[in-house]
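Worksheet: the structure to be examined is printed underneath.
The values are calculated or read from the model by the stated rules, or taken from the named source; none is laboratory data. Since we're looking at a predicted model, the values are computed, not measured. Positions of Cβ are backbone-derived with ideal geometry, glycine not excepted, and every protein chain shown enters the neighbour counts. Note: accessible area is taken over every heavy atom of the protein model, side chains too, but ligands, DNA and RNA are not part of it. Shrake-Rupley method; radii C 1.70, N 1.55, O 1.52, S 1.80 Å.
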Amino acid sequence: MSMAQWLEGYGQGSVLAAGGGLIGLSFGFLAQRSRFCLRAAVIEFWHRRFGDKLSVWLLAFASAVIGVQLMVLMGWLDTGSARQISAKGSISGAMIGGLLFGVGMVMTRGCASRLLVLSANGNLRALLSGLIFAVTAQAALAGALSPLRTHISSWWTVDGGAPRDLLALTGMDHWAGLFMGGIWLAAALFFALRSPQRNKWMWLGGIGTGLSVAAAWGFSQWVAAESFEPVQIQGLTFSGPSAEWLMRVLHWPAPAIGFDFGLMPGVFIGSLIGALIGKDWKLEGFSDGYSMRRYIGGAVLMGFGSMLAGGCAVGAGVTGGAIFALTAWLSLVGMWVGAGLTDRWLDGGASAKPTSLPAEGFKRP
């Protein structure tokens, strides 16, 4: 059946949900097996260790950029119609939101996508943090924190279109974007080859995670091209979908189903499968009251920061970064700076030690 036949037979929402579920399944499985984690990559970078965690993140990021730019050059994707470029954006929101998200990411020891992956692995700390993240994100979107988010976002705005397109702003084209993706891929390969803990999942998982991000862009563009109803093309993100799933539980009637409806359970199931195959499933909780307060505080900062920045570490950092959205890159820089400073201040660099937090790294032989 063609896409048009699928849309006619099952409806736009169901097709988008099915695609979101399949892409989420791929992302969850590959992110779990590769230990894809921005927090861990940032810590390695700031401590100049340049090991397996940074390699995995760079492989994913470079693969997403290359995949997206190739689709644009082949005429399969119009990034100019993506919300991160076409709509009015906030530079102040991106910068401050990225910093807050980076701080919270270190406090909870994982970004929004990592919390979902770890929840499926039996980590109750991540599950609680993820729930608090979703509540805060919804409060920032349309609740008690919405006025504060709106106020900060209004400080410095940027019009949609070329002013928000980093390639257009710098006078470059998508061939240049593809070239930069190749440079980041070369850097990822260089660091990966130097890592003593490299294995097949570093390569397969890192590249596959990035291609899952590109696939989300391509799939939503495919549906938009074949549907008679308007469809907003989108990539992977976890802040908006987390808030949407929270409202499905707490509010009736529930929002209409779409890509995000299938994404969250898809990622959870994919990660669960990966954990069971790798024998990583383990029920874990909090060790003391201090760590619980730390996780709760970090989740609140991440939830508010993600809505202020226009996305999480995946939504803004990789998905938005792959289409060279200006605000996404500002958010990503803020995340790296905020996470690096917080790790140095809060943990004193302890999280950079290879023996700490084994759940975030590869198992040693």
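Arg109 satisfies every condition listed in (1) basic (Lys, Arg); (2) closer than 24 Å to Lys200 by Cα; (3) in contact (Cβ under 8 Å) with a residue 40 or more places away in the chain except (2).
Can you find a residue in segment 33-45 that is at pLDDT 95 or above and closer than 15 Å to Ala316 by Cα?
Step one: list which residues in segment 33-45 are at pLDDT 95 or above, which gives none.
No, segment 33-45 contains no residue that is at pLDDT 95 or above and closer than 15 Å to Ala316 by Cα.
Considering the conditions (1) at pLDDT below 95; (2) open to solvent by 30 Å² or more (accessible area, probe 1.4 Å), Leu22 is excluded by exactly one of them, (1). The single condition from (1) under 25 Å from Asn121 (Cβ atoms); (2) over 15 Å from the mean Cα position of the chain (by Cα); (3) open to solvent by 10 Å² or more (accessible area, probe 1.4 Å) that Leu73 fails is (1).
Let's see how each residue does on (1) in contact with a Leu (Cβ under 6 Å, 6 or more places away or on another chain); (2) touching a residue at least 24 places away in the same chain (Cβ under 8 Å); (3) under 14 Å from Ala64 (Cα atoms); (4) in a helix (DSSP H, G or I):
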| residue | (1), (2), (3), (4) |
| --- | --- |
| Gly298 | no, yes, no, yes |
| Gly305 | yes, yes, no, yes |
| Leu308 | no, yes, no, yes |
| Val314 | yes, yes, yes, yes |
| Gly317 | yes, yes, yes, yes |
| Leu332 | no, yes, no, yes |
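Being open to solvent by 20 Å² or more (accessible area, probe 1.4 Å) and part of a helix (DSSP H, G or I) is the filter here, so list the residues in segment 92-118 that pass it.
Of all residues in segment 92-118, those open to solvent by 20 Å² or more (accessible area, probe 1.4 Å) come to 95-96, 99-100, 103, 107, 109, 116.
Scanning segment 92-118 gives Met95, Ile96, Leu99, Leu100, Val103, Met107, Leu116.
Quick grid of which residues meet (1) part of a loop (DSSP other than H, G, I, E, B); (2) buried (at least 24 other Cβ atoms within 10 Å of the Cβ); (3) at positive phi:
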{"residue": "Ala4", "(1), (2), (3)": "no, no, no"}
{"residue": "Leu7", "(1), (2), (3)": "no, no, no"}
{"residue": "Ala18", "(1), (2), (3)": "no, no, no"}
{"residue": "Gly28", "(1), (2), (3)": "no, yes, no"}
{"residue": "Phe36", "(1), (2), (3)": "yes, yes, no"}
{"residue": "Arg39", "(1), (2), (3)": "no, yes, no"}
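When we screen Ala216, Ala187 for residues that are hydrophobic (A, V, I, L, M, F, W, C), in a helix (DSSP H, G or I), touching a Phe, Trp or Tyr at 6+ places or on another chain (Cβ under 8 Å) and closer than 24 Å to Gln69 by Cα, the only hit is Ala216.
Of all the criteria given as (1) within 18 Å of the chain's Cα centre (by Cα); (2) open to solvent by 40 Å² or more (accessible area, probe 1.4 Å), the one not satisfied by Ile66 is (2).
Select from segment 300-346 the residues that are of a type in the set (Val, Ile, Thr) and within 14 Å of Phe133 (Cα to Cα) and list them in ascending order. Val300 - this is the single residue of segment 300-346 that is of a type in the set (Val, Ile, Thr) and within 14 Å of Phe133 (Cα to Cα). Is it the case that segment 255-271 has a residue that's over 15 Å from Ala126 (Cα atoms), at pLDDT 85 or above and assigned to a loop (DSSP other than H, G, I, E, B)? The answer is yes; a qualifying residue exists.
Every residue in segment 223-250 that is open to solvent by less than 90 Å² (accessible area, probe 1.4 Å) and more than 28 Å from Leu211 (Cβ to Cβ), please. Listed by number, the residues that qualify are Leu246, Met247, Arg248. Kindly evaluate Leu148 against the criterion of being out of contact with any Ser or Thr (no Cβ under 6 Å at 6 or more places or on another chain), under 17 Å from Gly320 (Cβ atoms) and open to solvent by 50 Å² or more (accessible area, probe 1.4 Å). Against the criterion (out of contact with any Ser or Thr (no Cβ under 6 Å at 6 or more places or on another chain), under 17 Å from Gly320 (Cβ atoms) and open to solvent by 50 Å² or more (accessible area, probe 1.4 Å)), Leu148 does not qualify. Look at (1) modelled with pLDDT under 95; (2) within 30 Å of Arg248 (Cβ to Cβ) and you find that Ile152 fails only one, number (1). Every listed requirement among (1) open to solvent by 50 Å² or more (accessible area, probe 1.4 Å); (2) in contact with a His (Cβ under 9 Å, 6 or more places away or on another chain) is met by Met172 save one, (2). Residues in segment 272-294 that are part of a helix (DSSP H, G or I), open to solvent by less than 70 Å² (accessible area, probe 1.4 Å) and either in contact with a Leu (Cβ under 7 Å, 6 or more places away or on another chain) or of a type in the set (A, V, I, L, M) (or both): Leu272, Ala275. For Gly130, the stated conditions hold: it is open to solvent by 20 Å² or more (accessible area, probe 1.4 Å) and either at pLDDT below 95 or outside any helix (DSSP H, G or I) (or both).
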